[in-house]
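The values are calculated or read from the model by the stated rules, or taken from the named source; none is laboratory data. Values in this document were obtained by computation on a predicted structure and should not be read as measured data. With ideal geometry, Cβ positions are generated from the backbone for all residues, glycine too; neighbour counts draw on all protein chains shown. Accessible surface is based on the protein model in full, side chains and every heavy atom, while ligands, DNA and RNA are left aside. Shrake-Rupley method; radii C 1.70, N 1.55, O 1.52, S 1.80 Å.
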Amino acid sequence: MCFSCQTAAVRLAPADRAGHGGTRPASQPDGIPARGDDAPVNPAGLPTAYEHGNRLTAAGSTVDPILLEIVEGTLASVEMEVETAIARTSRSPMIRDAHDFRAGIHDRQLRKLTGRSYSALVHPVVRDFPLAEMGEGDVYFHNDVYESEGGIGHLPDLCVTVPVFSDGEVVAFVQAFGHHDDIGGAVPGSMPSNARSVFEEGLSVPPIKLWDKGVANQAALRIMTRNSRMPDSLAADLDAECSACLMGARRLGELFARYGRDAIEAAFDAILDRTTETYRREILSKIPDGTYVWEDYAEHDGVDEPRLHTQRITLTKESTGGPGHPDQYPDGGPRLVIDFTGTAPQAKGPINHCGDYVGGNFLKKWLAPILRNLADTPERMAELDVNEGIVPLIEMRFPEKGTLLTPIYPAPTNARTFVILRLLGVLAGVVAKAVDGRMPADQETIRYTGVYGKDRDGNDYLMREVLGGGSGGRYYADGEDTIHVVPDSRNLPTEFTESRFPFIVERLGLAVDSGGAGLHRGGLGYEKHLRMLEDAHFMSIADRSILACWGVRGGRAGRSFEVTVDLGGPDERVVDALADAEPVRAGQVIRIRTTGGGGWGDPLERPLEDVERDLRWGKVSFEGARRDYGVVATGTIDDPVVDAAATDALREQLRGAREAELPFFDRGPGYAALAEGRTSAEVDWL
């Protein structure tokens, strides 16, 4: 049966498009019958009357291995070319310099083919626009959180999608989405920390056709730029993304023309089949059958007072029930069941994430990179892609509507990183319980900081930055310093920011002692000092300011996020991690310290030469060495001297002062402040 017939769009009445009910139209355009009452509906009430996720060729189809390598290499090359074009032609600092955007390639069954990074979904576009009506040069656009099928988390993430054609039919899609400076809303940057609905967060656009056969929809572009405080940047970024994806579509069209549709689609299936088999054999096999439970928390939502917003995963590993060749797996191969029951009710503030769409398709691909840590070696881990091939191996079970992961429209979502990034750590923790800790300790999460105001010429400006932090210690090595969770993203160059914005970067370096102590230390976060040259306002969307990145198997938690305004001055103060308009006077210094990763293993077992090296490199202070590692050292940073005898005595004293048994996870001192004095949760013990 023709795929385009199967994917004909179901047009929605206005109330339906809101994502919370409405009257179903009596008939559909193009002679499509109206949905019956038993038609499939996803948890948000949006239609799923399109076919997706199926194979393109019959099971057991073969493909020439040389062609397979050519196709796989071409996909990676096209994806990188699209991202390079966006980076070189866009205008906003978040896109051009911080590289907070992603490209992805999907087949006509909406399956993600590339695995270098995560990407959004094509599902909402195909839901609303039949493939048969698409034309070459079309570009589709959306940023509506509730109509994105879970692929867009907050409104600043704008998504463009371009169909790829072969012999006049849609055969694939090229897509890009990224975080843009401003899309309207209550505050500059479109991320109000105390938002109570999506209406405060900016302009929300359901899937629309932004370009029609190569011609831009100027009316739609004018509406979007009119709602932005940075209209020129927004227009330039959208033009860059649309043009880059159109270029990528041409490149893929050339691939189909060169080798033929049947051969290319067989290669697509083979790429995904190989991923499925690789994860089944090399990753899932490392997790013992059984059920494991763990939870972690967001600490505040911008509206209520700080408290524990629970995110819980019950992980079940089963040897049967997943996909598999019947000759090898008569009852199906191994699979994982991820159950989010026990996750807290949706928050009043903007930390919710719409995860319960398309069976959790986006979340599966978002969380799966954590599983790569089970690979035999770090080198093998780096080789493993995450594409649609992992989707059949994971079943997700969501609680009823009205939780942090299943919010009800129009719950706000702009700080949804507090949930989806925390879930990476929850999955790592629950897997750690299953494999005796052979997973990294907790890592940094995204936080958005920035300043805005008027420059010396009286023009409005907005500087937003996504500063990274430390990754967790591992069972074989320390964590990495100042990593960025968003792949290929980076801090803004000092030379660029000082030339464009009215401040001086007086320091950008490592935050000493920020990594969690352990046999293998957590990575360090950033310490950045900005001296303002004009009066301005500071803004921050960050968590882990009370809680911390947890340590595992005896490792200690890292240091929390902290911002201080007027450092060393008469008005010195610590600023809340959720801030929209903290005033900063000209001449005052803003100090930003990002999170350190958690430690792995007992810090009192860390080799003395490793602590001495940390002292020499300035990653650990002399006081921190004594306090956290029981290491007595004298001298200077350039020439530290460790007293081995005094260290042995101090370590023995510290061991004797410990409790008889420690929990498997260390959450740091901030946990007790939100947990009525408890120092650990019930799930923290094996």
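Against the numbered list (1) open to solvent by 30 Å² or more (accessible area, probe 1.4 Å); (2) under 30 Å from Gly450 (Cβ atoms); (3) outside any loop (DSSP other than H, G, I, E, B), Gly587 comes up short only at (3).
Every listed requirement among (1) touching a helix residue (DSSP H, G or I) at 6+ places or on another chain (Cβ under 6 Å); (2) within 28 Å of Leu427 (Cβ to Cβ); (3) surrounded by fewer than 20 Cβ atoms within 10 Å (Cβ to Cβ) is met by Arg281 save one, (1).
Quick check on Pro412: is it crowded, with 24+ Cβ neighbours inside 10 Å, out of contact with any strand residue (DSSP E or B) (no Cβ under 6 Å at 6 or more places or on another chain) and farther than 19 Å from Pro487 by Cα? Yes; evaluated as a whole, the condition is true for this residue.
If the condition is being open to solvent by less than 10 Å² (accessible area, probe 1.4 Å), outside any helix (DSSP H, G or I) and not small (Gly, Ala, Ser), then the stretch 425-444 contributes Met439, Asp442, Glu444.
In the stretch 634-647, the residue that is least open to solvent (accessible area, probe 1.4 Å) out of those that are over 39 Å from the mean Cα position of the chain (by Cα) and among the β-branched types (Val, Ile, Thr) is Thr647. If you go through the stretch 491-515 and keep only what is among the aliphatic types (A, V, I, L, M), more than 24 Å from the chain's Cα centre (by Cα) and assigned to a loop (DSSP other than H, G, I, E, B), you end up with just Val512. Right, Gly360: over 17 Å from Arg281 (Cα atoms) and at pLDDT 95 or above or not? Spelling it out, it is not the case that Gly360 is over 17 Å from Arg281 (Cα atoms) and at pLDDT 95 or above. Tell me, please, whether a residue that is within 29 Å of Ser204 (Cβ to Cβ) and acidic (Asp, Glu) can be found in the stretch 399-409. Yes: the stretch 399-409 contains one or more residues that are within 29 Å of Ser204 (Cβ to Cβ) and acidic (Asp, Glu). Applying the set (1) open to solvent by less than 30 Å² (accessible area, probe 1.4 Å); (2) in a strand (DSSP E or B) to Val631 leaves exactly one unmet item: (2). In the stretch 458-482, of all residues being closer than 17 Å to Arg593 by Cα and of a type in the set (Ser, Thr, Tyr), the one that is least open to solvent (accessible area, probe 1.4 Å) corresponds to Ser471. For the stretch 84-101, give me the residue count where each residue is open to solvent by less than 10 Å² (accessible area, probe 1.4 Å) and part of a helix (DSSP H, G or I). Final tally of qualifying residues: 4.
Selection over the stretch 172-192 of residues that are open to solvent by 10 Å² or more (accessible area, probe 1.4 Å) and outside any strand (DSSP E or B) gives a count of 5. Taking each residue of the stretch 228-255 that is over 24 Å from Val187 (Cβ atoms) and looking for partners that are aromatic (Phe, Trp, Tyr) and open to solvent by 10 Å² or more (accessible area, probe 1.4 Å) with beta-carbon atoms closer than 7 Å, six or more apart or interchain, yields Cys242/Trp211; Gly253/Phe165. Among the candidates Asp571, Asp576, Asp535, the residue that is free of Cβ contacts under 8 Å to residues at least 24 places away in the same chain, open to solvent by 30 Å² or more (accessible area, probe 1.4 Å) and on the phi < 0 side of the Ramachandran plot is uniquely Asp571.
Residues of the stretch 488-498 that are β-branched (Val, Ile, Thr) and open to solvent by 10 Å² or more (accessible area, probe 1.4 Å): Thr494 alone. Select from the stretch 403-424 the residues that are touching an Asp or Glu at 6+ places or on another chain (Cβ under 7 Å) and either β-branched (Val, Ile, Thr) or not in a helix (DSSP H, G or I) (or both) and list them in ascending order. Listed by number, the residues that qualify are Leu405, Thr406, Pro412, Asn414. Evaluating Val485 against the criteria (1) open to solvent by 20 Å² or more (accessible area, probe 1.4 Å); (2) farther than 25 Å from Val187 by Cβ; (3) β-branched (Val, Ile, Thr) leaves one unmet condition, (2).
A quick yes/no check of all residues on (1) closer than 21 Å to Glu149 by Cβ; (2) of a type in the set (Gly, Ala, Ser); (3) modelled with pLDDT of 95 or more:
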| site | (1), (2), (3) |
| --- | --- |
| Pro399 | yes, no, yes |
| Leu405 | yes, no, yes |
| Pro410 | yes, no, yes |
| Thr417 | yes, no, no |
| Leu423 | yes, no, yes |
| Val431 | no, no, yes |
| Ile446 | no, no, no |
| Arg464 | no, no, no |
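Of the residues that sit in the stretch 330-357 and are more than 30 Å from Val303 (Cα to Cα) and in contact with a strand residue (DSSP E or B) (Cβ under 7 Å, 6 or more places away or on another chain), which one is modelled with the lowest pLDDT?
Step by step, filter the stretch 330-357, then rank; the result is Asp331.
Quick one: which residue in Leu650, Leu686, Leu608 is closer than 26 Å to Trp294 by Cβ, of a type outside the set (Phe, Trp, Tyr) and either in contact with a helix residue (DSSP H, G or I) (Cβ under 9 Å, 6 or more places away or on another chain) or buried (at least 19 other Cβ atoms within 10 Å of the Cβ) (or both)? On inspection, the qualifying residue turns out to be Leu686. Test of understanding: among Thr278, Thr316, Thr291, Thr225, which residue is at pLDDT 95 or above, closer than 30 Å to Tyr140 by Cα and polar (S, T, N, Q)? On inspection, the qualifying residue turns out to be Thr225. For the stretch 359-398, the set of residues classified as hydrophobic (A, V, I, L, M, F, W, C) and out of contact with any Leu (no Cβ under 7 Å at 6 or more places or on another chain) consists of Leu363, Trp366, Ala368, Leu371, Leu374, Met381, Ala382, Leu384, Val386, Ile390, Val391, listed by residue number. State whether the residues of the stretch 313-325 include one that is acidic (Asp, Glu) and touching a residue at least 12 places away in the same chain (Cβ under 8 Å). Within the stretch 313-325 (the criterion being acidic (Asp, Glu) and touching a residue at least 12 places away in the same chain (Cβ under 8 Å)), the answer is yes, since at least one residue qualifies. Please go through the stretch 611-628 and give me each residue that is in contact with a Pro (Cβ under 7 Å, 6 or more places away or on another chain) and buried (at least 16 other Cβ atoms within 10 Å of the Cβ), ordered by number. Correct list: Glu612, Leu615, Asp628. Within the stretch 590-605, the set of residues being open to solvent by 10 Å² or more (accessible area, probe 1.4 Å) and either at pLDDT below 95 or in a loop (DSSP other than H, G, I, E, B) (or both) comprises just one member, Asp602. Taking the condition part of a strand (DSSP E or B) and either open to solvent by 10 Å² or more (accessible area, probe 1.4 Å) or closer than 19 Å to His180 by Cα (or both), does Tyr146 pass? Considered against the rule, which asks whether it is part of a strand (DSSP E or B) and either open to solvent by 10 Å² or more (accessible area, probe 1.4 Å) or closer than 19 Å to His180 by Cα (or both), Tyr146 comes out as no. If only residues of the stretch 653-683 that are over 26 Å from Pro607 (Cβ atoms) and not in a loop (DSSP other than H, G, I, E, B) are counted, the one that is most open to solvent (accessible area, probe 1.4 Å) is Glu682.
None of Asp457, Asp488 is without any contact (Cβ under 8 Å) to a residue 24 or more places away in the chain and part of a loop (DSSP other than H, G, I, E, B) except Asp457.
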